[in-house]
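Peer 1: I'd like to ask some things about the structure below.
The values are calculated or read from the model by the stated rules, or taken from the named source; none is laboratory data. Quantities reported herein were computed from a predicted structural model and do not represent experimental measurements. Glycine also receives a Cβ, built like all others from the backbone with ideal geometry; neighbour counts cover every protein chain displayed.
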C-alpha cells in the first residue's frame, strides 16, 4: 500500500471526503451499506450533486437495508419514517442531477442475506476505505474510522470491483471471494457467496499462527475464529449486550452464550470498528482491517465485504494508537 495514509475518525472522514469531492476532476465512487439525508451528510450529498455539474462521473451505491435502519419499509418506493422519506428524496435528487445511483440488494430473498457491507469512497485517485463508517447520523456517531490513501492502482481496482458488485446484484448472483496486491499489502474482497469468505478464512489462518491477537469488532466473534481465539493469547473488544438493542443485542447475547467469549470493551460509545492485530511467532505484526465483523453469521449470509491485510508498521502503529486511545 502507498506509504502515505491516515486513519480518520468519522467526522474527519466526512469533512475530508467532502472537500476532495468538491475538488474532484474525473470520478467519484461512493459505496456504503446505510446512507442518510440528514445534518451529518448534507455537505457531502451536496458535493456529490455539484460534482456532476462540473462533468465529474459520480456513482453512489447504498444497500436497501438503509430503509430498515431508518425504521421505514424495505422497498425503496415505500416509506414510513421521516428519515426514510428524506432518503427517498435524496435518491430522487441524485437521479435528477445525473448521479448514477443504485440501490443494492432489492432482489435478495431476505433483508439480511447478500447485503453490501462494503464502505469506500473513491475521489479521483484518493481512496477512503478499510473501515466501517455508515453515512448517516448514527453511523457517524459510532466509534469507528476510515483509512485514507492515494493510489491510482487501488482506486482503479475498486472502480472495477464496483462494476462486479452491481452486475452481480442485478443478476442476482454472487462471485468468489478474491484478493489483489497493492504494493506489499493485500486487499481482500468477499464476493457474496454464501458460506465463503476470504476475509474470515484469512483471519482464522493468522490467528492459528499468532502468539497474541487483539480483536476489535461490533460483534462477538463466532464460529471457527472464536474457537481459535480461545486457545490463543487474545484480547477481545466488542459491544456488551447492555450497549445494544433489538436484533444486535440478541445476537451478541447468544454469541457470548455459545462461545464463552467476554468483552473487554467498557466505553459508552457504540463500537463499530472492525480490526485485528496479530503478533506472530517471529515478532512480526500483521493487521487486518475493513468492513467484516469477524462473526461467522456474515459468512453464512453471504455479505459483500472489503478488508486489507498489511504488515506496514506505519498503519499498524495508527491502528494500535486508535486501540489505546479509543478502545481500551
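Results for (1) crowded, with 23+ Cβ neighbours inside 10 Å; (2) free of Cβ contacts under 8 Å to residues at least 12 places away in the same chain; (3) over 22 Å from residue 193 (Cα atoms), shown as yes or no for each residue.
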position	(1), (2), (3)
265	no, no, yes
274	yes, no, no
285	no, no, yes
295	yes, no, no
316	no, no, yes
324	no, yes, yes
328	no, no, yes
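Peer 1: Does any residue in the range 77-100 that is on the phi < 0 side of the Ramachandran plot come within less than 7 Å, Cβ to Cβ, of a residue that is assigned to a loop (DSSP other than H, G, I, E, B) and at pLDDT 95 or above six or more places away or on a different chain, and which pairs are these?
Peer 2: Listed pairs, sorted by first residue: 83/36; 83/38; 86/37; 86/38; 87/36; 87/37; 89/37; 90/37.
Peer 1: Sticking with this one: Every residue in the range 233-246 that is out of contact with any helix residue (DSSP H, G or I) (no Cβ under 8 Å at 6 or more places or on another chain) and at pLDDT below 95, please.
Peer 2: 242, 243, 245, 246
Peer 1: Does the range 60-72 include one or more residues that are modelled with pLDDT under 95, under 25 Å from residue 188 (Cβ atoms), touching a helix residue (DSSP H, G or I) at 6+ places or on another chain (Cβ under 7 Å) and not assigned by TED's automatic domain parsing to the domain that holds residue 273?
Peer 2: yes
Peer 1: Would you kindly identify the helices (runs of 4 or more DSSP H) lying entirely within the range 77-195 that contain at least 2 residues that are crowded, with 17+ Cβ neighbours inside 10 Å, outside the structural domain of residue 289 (by TED's automatic domain parsing) and touching a strand residue (DSSP E or B) at 6+ places or on another chain (Cβ under 6 Å)?
Peer 2: Where helices (runs of 4 or more DSSP H) fall fully within the range 77-195 and carry at least 2 residues being crowded, with 17+ Cβ neighbours inside 10 Å, outside the structural domain of residue 289 (by TED's automatic domain parsing) and touching a strand residue (DSSP E or B) at 6+ places or on another chain (Cβ under 6 Å), they are 82-97, 152-170.
Peer 1: Given (1) surrounded by fewer than 20 Cβ atoms within 10 Å (Cβ to Cβ); (2) farther than 30 Å from residue 15 by Cα; (3) in contact with a strand residue (DSSP E or B) (Cβ under 7 Å, 6 or more places away or on another chain), where does residue 203 come up short, assuming only one miss?
Peer 2: (1)
Peer 1: Right, here's the next one. Out of curiosity, is residue 122 in contact (Cβ under 8 Å) with a residue 60 or more places away in the chain and closer than 16 Å to residue 309 by Cα?
Peer 2: no
Peer 1: Follow-up. Among the residues that make up the range 236-255, is at least one of them more than 24 Å from residue 139 (Cα to Cα) and either outside any helix (DSSP H, G or I) or in contact (Cβ under 8 Å) with a residue 24 or more places away in the chain (or both)?
Peer 2: No: zero hits.
Peer 1: Got a sec? Which of 249, 230, 253, 224 is crowded, with 16+ Cβ neighbours inside 10 Å and either more than 23 Å from residue 178 (Cα to Cα) or modelled with pLDDT of 95 or more (or both)?
Peer 2: Step by step, each of 249, 230, 253, 224 is checked, and only 224 is crowded, with 16+ Cβ neighbours inside 10 Å and either more than 23 Å from residue 178 (Cα to Cα) or modelled with pLDDT of 95 or more (or both).
Peer 1: Still on this structure, I have one more. Identify the single condition in (1) within 30 Å of residue 314 (Cβ to Cβ); (2) surrounded by 15 or more Cβ atoms within 10 Å (Cβ to Cβ); (3) without any contact (Cβ under 8 Å) to a residue 40 or more places away in the chain that residue 290 does not satisfy, given that it satisfies every other one.
Peer 2: The failed condition is (3).
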